[in-house]
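Take a look at the structure set out below.
The values are calculated or read from the model by the stated rules, or taken from the named source; none is laboratory data. In this text, all values refer to a predicted model and were calculated from it rather than measured experimentally. Methodologically, a virtual Cβ is constructed for each residue, glycine included, from the backbone with ideal geometry; neighbour enumeration extends over all protein chains shown.
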Amino acid sequence: MAYRFAEFDDPQWPLIAGAKMPTRYAVCEWGARPPKLQAKLRICLCFPDVYEVGMSYLGFQLLYELIKNGTDYDCERAYCPWTDMEGLMRRAGRPLQSVESGRTLAEFDAIGFTFQHEMSFTSMLTMLDLGRVPLLSSDRDERSPIVIGGGPGAMTPEPMASFVDIFSLGDGEAQLPALLDCLARTKGRPRRQRLEAASSVPGCYVPSLVDCAYDGDGVHFSAASPLPVAKPVWHDMDAIAPQSMIVPASSIVHDRAVVELFRGCSRGCRFCQAGMTYRPVRERSLQTVEESVTRLLDRTGWEECSLVSLASCDYPQIDRLLADLAPEMARRGTKISLPSLRVDAFSVGLAEELATLKKGGLTLAPEAGTQRLRDVINKGVTEKDLYGAVEAAFSMGWQKVKFYFMMGLPTETEEDLAGILRLCENSAEIGRRHTKRASINASVAGFVPKGHTPFQWEPQNSWEELAAKGQWLKRNLRNRHVNLKYHESSQSFIEGVLARGDRRVGRAVFLAWKNGSRLDSWSDTFSLDAWMKGFSDAGIDPSWYAHRPRGKDEGLPWDHIDCGVSRSFLWRERQKAYAASVTPDCRTGGCSGCGWQGRGCHWSGGQK
């Protein structure tokens, strides 16, 4: 392990010192590895957000370790600068450079972007431009790096198809080594040949080799190589347990060690893209998880470890895991935290186990305010579940519990919105029976329909409708022990356009960026005006993408991407949503026929 100090004699230091947060750029880290002297291929992993966000993303750290542990290839990292630093860099003529060696992005053989969400698209353009890499794939030549896009946003890739050379789908552990082998093997050949070779690697989608046509029935794709492109899946989770993590000296968003319990989810929430695209469920063994927790705490010095998954409480041995960790965590004075939890999985017993582990934050996700609407979205939890979880938490010493809700869900009525307030206020009163300091923090986000989900055909509420609903909630809240916040509705609108956009939307992304759109997931930098001008200049009606219902047989912009879940299953689930019919968890209620049966899912039929 090496401690990497910021190089204060670097010629960029006067520039860095002028930024509002110099620690984003003058990086001091424990665990970062120096560049290899010899490498067949050098890739820069680029995170299209600021340093403290990128360093909190587990997938980014996993890819870094995966490549660094190999012998043939090397990787470095780069992050998007804040707007003040971007201005300083442009005025000084300074390019965006990697953290490890200070190479400009254009000097790498390949650069890989992680799209955690659609609101990072313009940040990718900022990084390419500052890194002196042509923005459009068609403008790059043999001297330019290959630009790769991955992460959740790559599953609906078309808005960024003009800017990305290769989309890497699925688990990086299953896909990236073969892609890097291909790029190293074809190094020096004409760019077109390299991309054609990459298109034959499982899980690689090369947009420049795929034609798309638009008509009244939607979008249609054609290519010389077979479509759809299927995502590869890594099954042996014990074989990829992380050995360490990079620890920054400055504060980051999630300042803690992170251990993944399992990948995938079988609950089937109809709004959740990750719950569909990350299937099938693959678990780590109890021994591997326990060893990972103690190893990462030993090697990083962090005082907290988060046990993450899409539904962490669904880990079959969660109670035993927490009981096993309790003595060691008490000895260290460290704490265990669980991310957003399903209400029906948080029991008194689990609360007792967590209470012995130096409590971290507690977040529950009811998602909707009434039983009817929870059945529509297949959440399936009851008010009894919720109040039982709240009672368990406050009785074990928690003073604050956070709830996640959505507004604008299909079939939503004012009664469903009122249910959000009722659940929050009743929960606060339950807490007040245990401690006068009890409070509920409720976060309400506008629902954004996503591809590869049963709601991919649904219209999104307009931003005016979402804003009115958020204001209604604030206006009708009566309990001062409930703190309610709602997400900026105009950001949800733009996310909705990008989430279901086709290749034509890429022109608007570029023009919005040219108009000054930057770091769009941040409310203080987001500019709706820049986006609306971008849509207007591109001749695009954004409401056609966000607010229009789709027909059952309409060709969708992600039909050429196979996430493993079938379109027929998604349509059946949509029909069940309108009947408020619940589909049980396939790990306990039998196979739901999502498309993974016989393709590597070990839970088909409800038996492992």
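If a residue has to be more than 20 Å from residue 527 (Cβ to Cβ) and of a type outside the set (Gly, Ala, Ser) to count, how many in segment 467-506 make the cut?
Residues in segment 467-506 being more than 20 Å from residue 527 (Cβ to Cβ) and of a type outside the set (Gly, Ala, Ser): 20 in total.
Which is over 24 Å from the mean Cα position of the chain (by Cα), within 25 Å of residue 152 (Cβ to Cβ) and assigned to a loop (DSSP other than H, G, I, E, B), of 550, 518, 572?
Criteria check complete, one pass: 550.
Among the residues of segment 199-251, which ones are surrounded by 15 or more Cβ atoms within 10 Å (Cβ to Cβ) and hydroxyl-bearing (Ser, Thr, Tyr)?
Selection gives 199, 205, 208, 244, 250.
When you go through (1) part of a helix (DSSP H, G or I); (2) over 22 Å from residue 565 (Cβ atoms); (3) modelled with pLDDT of 95 or more one by one for residue 276, which number turns out not to apply?
Condition (2) is where residue 276 drops out.
Restricting attention to segment 32-76, and to residues there that are without any contact (Cβ under 8 Å) to a residue 60 or more places away in the chain and among the hydroxyl-bearing types (Ser, Thr, Tyr), which single residue is surrounded by the most Cβ atoms within 10 Å (Cβ to Cβ)?
Filtering first and then ranking leaves 57.
I'd like the full set of residues that are in contact (Cβ under 8 Å) with a residue 60 or more places away in the chain and either among the aromatic types (Phe, Trp, Tyr) or in a loop (DSSP other than H, G, I, E, B) (or both), limited to segment 585-598.
585, 592, 594, 596
For residues that are surrounded by fewer than 21 Cβ atoms within 10 Å (Cβ to Cβ) and hydrophobic (A, V, I, L, M, F, W, C), scanning just segment 581-597, find the one that is farthest from residue 371 (Cα to Cα).
591
Look at segment 97-128 and say how many of its residues are of a type outside the set (Ser, Thr, Tyr) and under 24 Å from the mean Cα position of the chain (by Cα).
Qualifying residue count for the region: 16.
Answer yes or no: is there a residue in segment 572-579 that is under 15 Å from residue 455 (Cα atoms), at pLDDT 95 or above and in contact with a helix residue (DSSP H, G or I) (Cβ under 8 Å, 6 or more places away or on another chain).
Within segment 572-579 (the criterion being under 15 Å from residue 455 (Cα atoms), at pLDDT 95 or above and in contact with a helix residue (DSSP H, G or I) (Cβ under 8 Å, 6 or more places away or on another chain)), the answer is yes, since at least one residue qualifies.
Kindly establish whether residue 154 is under 26 Å from residue 39 (Cβ atoms), outside any loop (DSSP other than H, G, I, E, B) and modelled with pLDDT under 95.
no
Could you tell me whether residue 28 is buried (at least 18 other Cβ atoms within 10 Å of the Cβ), of a type in the set (A, V, I, L, M, F, W, C) and either touching a residue at least 40 places away in the same chain (Cβ under 8 Å) or closer than 28 Å to residue 308 by Cα (or both)?
Working: buried (at least 18 other Cβ atoms within 10 Å of the Cβ): no; of a type in the set (A, V, I, L, M, F, W, C): yes; either touching a residue at least 40 places away in the same chain (Cβ under 8 Å) or closer than 28 Å to residue 308 by Cα (or both): yes.
Against the criterion (buried (at least 18 other Cβ atoms within 10 Å of the Cβ), of a type in the set (A, V, I, L, M, F, W, C) and either touching a residue at least 40 places away in the same chain (Cβ under 8 Å) or closer than 28 Å to residue 308 by Cα (or both)), residue 28 does not qualify.
How many residues, within segment 454-486, are assigned to a loop (DSSP other than H, G, I, E, B) and surrounded by fewer than 16 Cβ atoms within 10 Å (Cβ to Cβ)?
Number satisfying all stated conditions: 2.
Checking the conditions here, which among 438, 445, 393, 418 is surrounded by fewer than 24 Cβ atoms within 10 Å (Cβ to Cβ) and touching a strand residue (DSSP E or B) at 6+ places or on another chain (Cβ under 6 Å)?
After ruling out the rest, the residue left standing is 445.
Could you please find all residues in segment 75-111 being of a type in the set (S, T, N, Q) and closer than 18 Å to residue 48 by Cα?
83, 97, 98, 104
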